[in-house]
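These notes concern the structure reproduced below.
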Amino acid sequence: MNGVIGMTGLLLDTDLTAEQRDFTETINSSADSLMKVINDILDFSKIEAGKLQFEMLDFDLSNAVEGTVELLAERAHTKQIELASLVYSDVTRSLRGDPGRLRQVLTNLIGNAIKFTERGEVIVRAEKDRETDHDIVVRFTVTDTGIGISEAARKNLFEAFTQADGTTTRKYGGTGLGLAISKQLVQLMGGEIGITSNEGKGSTFWFTARFPSRSSSSQESNCPGES
């Protein structure tokens, strides 16, 4: 699949007729969609088998949030939707954890918000939920002004292969795995995930994640060993 995506990308850089370019762009977008399906299935299988690996790295929270937003900015711009992020000033920026998995959850939630919003805005926030001398729990919210989700549909929204309804699947596509994977990743980060929504007025997806503070981790690593 990487070969298909790579070769169609090279083909798009050549001189093509309008019809050839349209066909090639269709192949490229279809390959991207299929790659996402494959990656979702692989991640879900790893989680179910208990084989998903988490890294413990020093990272900057602002960079993780803002970098994810920047990657999806073009998609929002194409739909003329405002996309913005806010990391509250009282949140510790220097953390330890897996920034890649954090970005994966954010990417899924922000991508869904953009997908289901035709006008208005998508706002991403990170704020302190609680903090101790050793770790911090950060609460992330992704708020949109999209189509919203009915109360009945919200009950099973985080189950595998579940979407709001058949109409949503036909119109917007997707595997129905993204939110199930996000739920599992959030739980592995010691947090919870949920949603509040008003049908026709938008939704707010939220999740929490627990991170050891970088200063606490440094102190522990510098402690002399027992003799």
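Observations on the structure shown:
- Modelled this way, with points 7 Å down the Cα-to-C-beta line, the labels at residue 119 and residue 78 are 2.1 nm from one another.
- Share antiparallel - DSSP beta bridges, the range 17-164, percent rounded to 5: 70 percent
- Looking at the range 37-116, the chymotrypsin sites (Phe, Trp or Tyr not before Pro) that sit in a DSSP loop and have at most 14 other Cβ atoms within 10 Å of their own Cβ are 54, 88.
- Residues considered: 29, 150, 85. Largest GNM mean-square fluctuation over the chain, using C-alpha springs under 10 Å, is found at 29.
- Between the beta carbons of residue 12 and residue 70, assuming R0 = 25 Å, the FRET efficiency works out to 0.65 to the nearest 0.05.
- Pairwise Cα inverse-distance average, inverted: Kirkwood Rh of the chain (Å): 19.3 Å
- Principal-axis tilt of helix 2-12 within the chain, Cα atoms, nearest 10 degrees: 50 degrees
- Gain on full extension, evaluated as 0.36 nm per residue between residue 21 and residue 88 minus their Cα-Cα distance, stands at 19.7 nm.
- 1.4 Å probe accessible area per residue over the range 23-139, in Å²: 56 Å²
- C-alpha long axis of helix 18-49 to longest principal axis of the chain, angle in °: 30 degrees
- Between residue 187 and residue 128, the contour length at 0.36 nm per residue exceeds the alpha carbon distance by 19.5 nm.
- For the chain, the relative contact order works out to 19 percent when only alpha carbon pairs closer than 8 Å and six or more residues apart are counted.
- Modelled FRET efficiency - R0 35 Å, residue 195 with residue 63, Cβ distances, 0.05 increments: 0.85
- Trypsin sites (Lys or Arg not before Pro) lying in DSSP loop within the range 27-125, provided at most 11 other Cβ fall within 10 Å: 51, 119
- Percent RCO, i.e. relative contact order, over the range 41-109, from Cα pairs under 8 Å lying at least 6 residues apart: 47 percent
- Candidates per GluC sites (Glu not before Pro) in the range 1-77, loop by DSSP, up to 14 other Cβ within 10 Å: 55
The values are calculated or read from the model by the stated rules, or taken from the named source; none is laboratory data. Predicted model, so just to flag it, every value in this text is computed and none were measured. Cβ: placed from backbone, ideal geometry, glycine included. Neighbour counts: every protein chain shown. The protein model used for the area step is the full one, side chains on, heavy atoms only, and it has no ligands, DNA or RNA in it. Shrake-Rupley method; radii C 1.70, N 1.55, O 1.52, S 1.80 Å.
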